[in-house]
Each structure stands twice: as structure tokens, then as C-alpha cells.
Amino acid sequence: MEFIDLLISAGLWATVLRIATPLIFGTLGELICERAGVLNLGIEGIMTMGAMVGWMAVFQGADLWTGIAVAAAAGLLVGLLHGLLTVPLGLSQHVTGLGITMLATSLSYFAYRLLLPETTTPPSITPFAPLGDGWWQAVPWLGEVIGQQTAPTLLALALVGLIAWVLYRTPAGLAVRMVGENPAAADAQGISVTGVRLAAVMAGSALMAVGGAFLTLSAFNAFFFNMMGGRGWICIALVVFASWRPGKALLGALLFAFFDAVQTRLQQMTGGALPYQLFLMLPYLLSILALVVMSRRAAYPQALMVPFRKGER
């Protein structure tokens, strides 16, 4: 009975939504890249850079939304680098992505130490405040969940619908899907495969960086090393789980966040009777199981990781 009460409590689902938010941003960003045919393994480093750059901008006096914008701009620039190396030059997307992760992560740590050389404990900022009271409070249960969130979480949820609409209802979305499925056919229709892929990688990387910035500007109020905790790699798995569809990506992010939130409360409920490492493993084990089940039916973009050179067959 106690476990049932836990599952239906608004507090649990408020936590789930908060944990899921950076995953939603990151998964949507990776989904856009892969829909265009580019695997972006630089996501972990891009999220780290977004977290550091966005936080540093606010720490230096910018407002919170400017911090989000600065993080997005940093992600866009790193995405441009990744795109130039993998799209027109056709370098290995695996090697380039891992290199981008190491470069962006190292640059973030170096810049942090360079700008704050005497800091021994992470300085803090004033993060986004919870939404609190509003019209949503009139809705039982849901109002309590929404009231505990911050504005970037609502932005992430809105982006799910917006990106789904762009991908499936606009010429730009059709172009992205075409270059990811059949770039030769897209080229024959006069679509610039290189241009569309570059734009997709840059836009996707900007979203990844915003996901990182959420951690330092909303979930926490400071930047510290290794704070990503593998979230970028989880996002890559969630894209496969979602079959490259934004709506399913939201479901996957919420599912992983649910497992993560529940394991914390299960630790408290058992009172230390079981090793805590068992509970820490739980969200990853269950996510792997869900990934195995869903990925068997996943239809991946046919030109994913396939370089395109105009005129070649």
C-alpha cells in the first residue's frame, strides 16, 4: 500500500518531470541530428559545455534566460565544428563525436578553472524559481506537479510538440527526413544535403547545450565537474527507444526519470536493508530492458552515419 501511495503521489511525479527535463532537451537534440543522418556522440561534452557556459554567464551578471541563450549559442558553435568535420569532410562520426565530447568537456573544465582559479567550493547563483501558483492550481494533482516545475521544463515540453510538427508538417522537416533517409533523392530535388545536415547538427547541438544549462540554472545552482553523470549517453539510447519520434522520446525520458526517482524512494523505504548500489543500478537495468524490447521494432534512418558526396553512387 505504501508503494501504491508513492506511485500516485504528486511529489514523485514532480521529481520525475524535473529529472526528465535535461533528458528531453538532449534527446530531442540528438533526434534532430540523427534524423538528418548524423550520429552526434559529442552530446555528453556539449551538455557539459552548455552547463558551464550558461552558469558562468549568469554568475558574471547575466539574467537566467540570457544564460540559456548563451548556452545554446555555445552548443551551436560546437555543433558547427562537429558538422563541418562529419558532413562536408565525411570523417568518422564515431571518432569525431567522441573527440568533440573530450574537447568540449576539457575546454569547459579549463575555462572554469581559468575564470575561477581560487575557488575551492562551487559558487552558487539564484536559479529559476518554481512556477508556484497559477491557473494550473485549479487542476487537481496536475496543478501541484506543474507548480513545482520551472519555466525551462515547460519549454522542453512545448518543444516536443513543436519539433514533431516541424518534422512531419513542414517542408523543412521533410528536407531533414529526406537527407537522413535518401540524400541522393534529396539532392536530385535541389535540396542541399550538406546545408540541411549542418543546420540540423547545429540546431540539435544547441538543444543539447540547453539541456546541460538546465542542470546549473534550474535543477542546481552551481557547476561542478562530472555533473552530467552520463546523461548524454542515456539520451542517445532514448533516441533508439523512441524510434526517432519526438513523442516517444518524451515517453522514454519520463520512463527513465521515473525509474531514477523511484529508486531513491525505495532506498528510503527499505531503510538500508539492501545495498544502495542495487537501487542505483535499477534505472539503468530497466532502461536497458525497455531499450532491448523497443529497438527490435525500430526503423532507423537509412542514411544514418552514411557520408554523402555529390555525384557518387
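The values are calculated or read from the model by the stated rules, or taken from the named source; none is laboratory data. Quantities reported herein were computed from a predicted structural model and do not represent experimental measurements. Here Cβ is always computed from backbone atoms with ideal geometry, including for glycine, and neighbour counts include all displayed protein chains. Calculation scope for accessible area: heavy atoms of the full protein, side chains included, ligands and nucleic acids excluded. Shrake-Rupley method; radii C 1.70, N 1.55, O 1.52, S 1.80 Å.
If the chain linking Ser106 and Thr121 were pulled fully straight, counting 0.36 nm for each residue of separation and taking away their Cα-Cα distance, it would gain 3.5 nm. Counting Lys and Arg as +1 and Asp and Glu as -1 over every other residue whose Cβ lies under 11 Å from the Cβ of Leu167, the net charge comes to +4. Three principal axis extents describe the C-alpha atoms of the chain; from largest down they are 64, 49, 43 Å. Axis angle, to the nearest 10 degrees, between helix 10-35 and the longest C-alpha principal axis of the chain: 10 degrees. Using C-alpha pairs under 8 Å with a sequence gap of at least 6, the mean separation divided by the residue count of the chain gives a relative contact order of 35 percent. Take the Cβ atoms of Trp233 and Ala129, set R0 to 22 Å, and the FRET efficiency comes out at 0.10. Judged by the mean number of other Cβ atoms found within 10 Å, the most tightly packed of the peptides 208-216, 249-257 leads the ranking 208-216, 249-257.
Computed with a 1.4 Å probe over protein heavy atoms only, the accessible surface of the chain comes to 46 Å² per residue. Relative to the longest principal axis of the Cα atoms of the chain, helix 43-59 runs at roughly 60 degrees. Each principal axis of the Cα cloud of segment 42-116 was taken in turn, and the coordinate range along them, longest first, works out to 41, 23, 15 Å.
The protection proxy used here, the mean number of other Cβ atoms lying within 10 Å of each residue, ranks peptides 14-24, 109-119, 229-239 as follows, highest first: 14-24, 229-239, 109-119. These residues, Ile288, Ile163, go from largest to smallest accessible area, 1.4 Å probe, as Ile288, Ile163.
Considering only Met305, Phe224, Leu250, and ranking their Cα positions along the charge dipole of the chain that arises from unit charges at the beta-carbon of Lys, Arg, Asp and Glu, the one farthest toward the positive end is Met305.
Which angle from 0 to 90°, rounded to the nearest 10, does the C-alpha axis of helix 231-241 make with the longest principal axis of the chain? So the inclination is approximately 70 degrees. Seen from Gly195, the other residues with C-beta closer than 14 Å to its C-beta sum to a net charge of +1, counting Lys and Arg as +1 and Asp and Glu as -1.
For Leu154 and Met305, the difference between the fully extended length at 0.36 nm per residue and the C-alpha to C-alpha distance is 51.1 nm. Assuming charge only on the beta carbon of Lys and Arg (+1) and of Asp and Glu (-1), the dipole of the chain about its Cα centre is about 860 debye to the nearest 20. Remark: segment 1-151 projects, on average over all directions, an area of 12.4 nm² (convex hull of Cα atoms).
Net charge of the neighbourhood of Leu91, taken over other residues with C-beta under 14 Å away and scored Lys/Arg +1, Asp/Glu -1, is +2. Each of Met305, Met56 has its accessible area taken with a 1.4 Å probe; listed largest first, they run Met305, Met56.
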